[in-house]
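Inspection log for the structure reproduced underneath, given as structure tokens.
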Amino acid sequence: MEILEGLIGGFVTCMTPYNIWMAFVGCFLGTIIGILPGLGPSATMAILIPITFGMNATPAMIMMCAVYYGAMYGGSTTSILVNVPGESSSVITAIEGHQLARRGKAGTALGLSAIGSFVAGILGTIGLVAAAVPLAEFSLQFGPADFFSLIVMGMLTIVFVGGKSIPKSLMSAAIGLGLGCVGTDIVEGKDRFTYGIAELLDGIDFVVLVMGTFGIAEVLVSAEEFMKVEPIKVKFRELFPSMQEIFRIRWAILRGAIIGFVIGVLPGAGPTIASFVSYGIEKSIHKHPETFGTGVLEGVAGPESANNAATSGAMVPMFALGIPGSGATAVMLGALILYGLKPGPMLFVENADFVWAVMASMFIGNVILIILNLPLVPLFASVLRISYALIYPAILIICVVGAYAISTGLFDVGLMLIFGVAGYFMKKADIPPAPMLLALLLGPMMERALYQALNIAHGNMLTFLTRPISGTLLAVSLLMSIAVGTKAVRRARKIVKDEQN
């Protein structure tokens, strides 16, 4: 009853014209930021913090939260249309979404993405409202060993997202882990694999790798057959998903929402891991997993639902414990402190009106986003009617500007071009880039968790098995490996049997 009263009070607070306007501005900015690769919600919110000085904390945080989940909406647009993920959490969307676009179903993919994001955003916000304190207390039980095991389970989704060949998928992952080792050692503080290049001390930026292996590589592959490629035909009646298609992906949306929210609650996990795990699960339970990579609706709806629900989940530890659940919530945490608020359990006591207003605004923000995005589907889809002679130079410009904006230097631009050439040869050899991107993201996080866990356990490796949460996650990982291995063996036997017949 107290939760319902608090939520009603939150709606009363945020239903003022000014607060609704701030939610709209945040949603609009977030959508644009999600579409444009290179900036991201964390950097955008960091830029907005000085602008919000002097503002009341409630409208300022309403705008920042809207930027966060708005970026999850917008990130799918360029992933689907031109195979350039605007956000790291949209990398998976590019795998299935762009294939749907090439088959003339760009509007369907964009529509399902928007609907899945809306439903999952609402469900995730309901979860945030109903279970903030209990789930935050549970997430606090996660130690380094448990987080390491969670990342191991996330890494095993590589075998799901890696296309048809498991060996090629693992090869791609190994390259990503190697790239993740470049930079400064987290224990000794010494540089490794930098070869005296100062720009590599901070490691290889994920955005640079994404734009190279997806954006530049896509341009190079398409340019190879430039004269044969025709603009994708988009029929008006196919600009929106049919009721049958929406009904088909209802369970994928629900699964994605649950997976995304639970993973989002865990500090440090975030929307990217949630989208990868969701895609892996959708592929593992699909009746025809071999069709993934050719444009499967569940492969768009599940991950897009997961990354939006994860944004709500990431708010749980930030509000209730003062622990950021992702990079974006870390920026918001700093903003809360600058506004004179104290994140943690006392926030619900001392500033209850603020917390409930921000939570209520997330319901309003998701409605604003669906109103903004669905009518724009025809506009976005019409981009595919433009000649590739104009589209691909634009992609190159976006990628170059995005890479330059990261460090305002040409080094990242050159690195992106190198990755673009490497991505071209990977595509020609049918080596999937997604596992490499996932490994680059999770590798440093896994290394840090491993060091911390072994330090706490004084070098005892059994800590990963004796801790209940860690042991359970490793057991699930083992079952996943057995299931995938069994499927691979059966598929190989079937191929051999068919060849013999």
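The values are calculated or read from the model by the stated rules, or taken from the named source; none is laboratory data. The structure displayed is predicted, hence computed values, not measured ones. With ideal geometry, Cβ positions are generated from the backbone for all residues, glycine too; neighbour counts draw on all protein chains shown.
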Across the range 245-290, which residue is surrounded by the fewest Cβ atoms within 10 Å (Cβ to Cβ) among those that are hydroxyl-bearing (Ser, Thr, Tyr) and under 19 Å from residue 123 (Cβ atoms)? 279
Condition first: at pLDDT below 85, under 21 Å from residue 134 (Cβ atoms) and not in a helix (DSSP H, G or I). Can you find one or more residues in the range 352-363 that meet it? no
What tally of residues in the range 97-117 results from selecting those that are surrounded by fewer than 24 Cβ atoms within 10 Å (Cβ to Cβ) and not in a helix (DSSP H, G or I)? 2
Output the qualifying pairs, or none if there are none: Cβ atoms under 6 angstrom, residues six or more apart or on different chains, first residue in the range 199-225 and farther than 20 Å from residue 93 by Cα, second residue modelled with pLDDT of 80 or more and of a type in the set (A, V, I, L, M, F, W, C). 199/411; 200/182; 203/182; 204/179; 204/182
Under 9 Å by Cβ, and 6 or more places apart or on different chains, what pairs join a residue from the range 152-173 that is among the charged types (D, E, K, R) and modelled with pLDDT of 80 or more with one that is outside any helix (DSSP H, G or I) and buried (at least 21 other Cβ atoms within 10 Å of the Cβ)? 168/162; 168/431; 168/432
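Which helices (runs of 4 or more DSSP H) does the range 394-488 wholly contain that include 2 or more residues that are under 24 Å from residue 194 (Cα atoms) and in contact (Cβ under 8 Å) with a residue 24 or more places away in the chain? Steps first, please.
Numbers: elements: 410-428, 434-456, 463-466.
By residue number, 410-428, 434-456.
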Criterion: at pLDDT below 85, assigned to a helix (DSSP H, G or I) and more than 16 Å from residue 62 (Cβ to Cβ) - qualifying residue of 334, 340: 334
Is the range 26-33 home to any residue that is at positive phi and at pLDDT below 85? no
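Within the range 410-423, does at least one residue satisfy the condition of being more than 30 Å from residue 309 (Cα to Cα) and at pLDDT below 80?
Step one: filter the range 410-423 for residues more than 30 Å from residue 309 (Cα to Cα), giving 410-423.
Now drop any that are not at pLDDT below 80, which leaves none.
Checked the range 410-423: no residue is more than 30 Å from residue 309 (Cα to Cα) and at pLDDT below 80.
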Can you name the condition, by its number, that residue 177 falls short on among (1) within 23 Å of residue 422 (Cβ to Cβ); (2) at pLDDT below 85? (2)
Examine the range 37-45 for a residue that is among the small types (Gly, Ala, Ser), at pLDDT 75 or above and either farther than 27 Å from residue 112 by Cβ or crowded, with 19+ Cβ neighbours inside 10 Å (or both), and state whether such a residue exists. no
Within the range 347-362, restricting attention to residues that are touching a residue at least 24 places away in the same chain (Cβ under 8 Å) and of a type in the set (Val, Ile, Thr), which residue is farthest from residue 27 (Cα to Cα)? 355
Given (1) at pLDDT 70 or above; (2) surrounded by fewer than 20 Cβ atoms within 10 Å (Cβ to Cβ); (3) at negative phi, number of the condition residue 241 does not satisfy: (2)
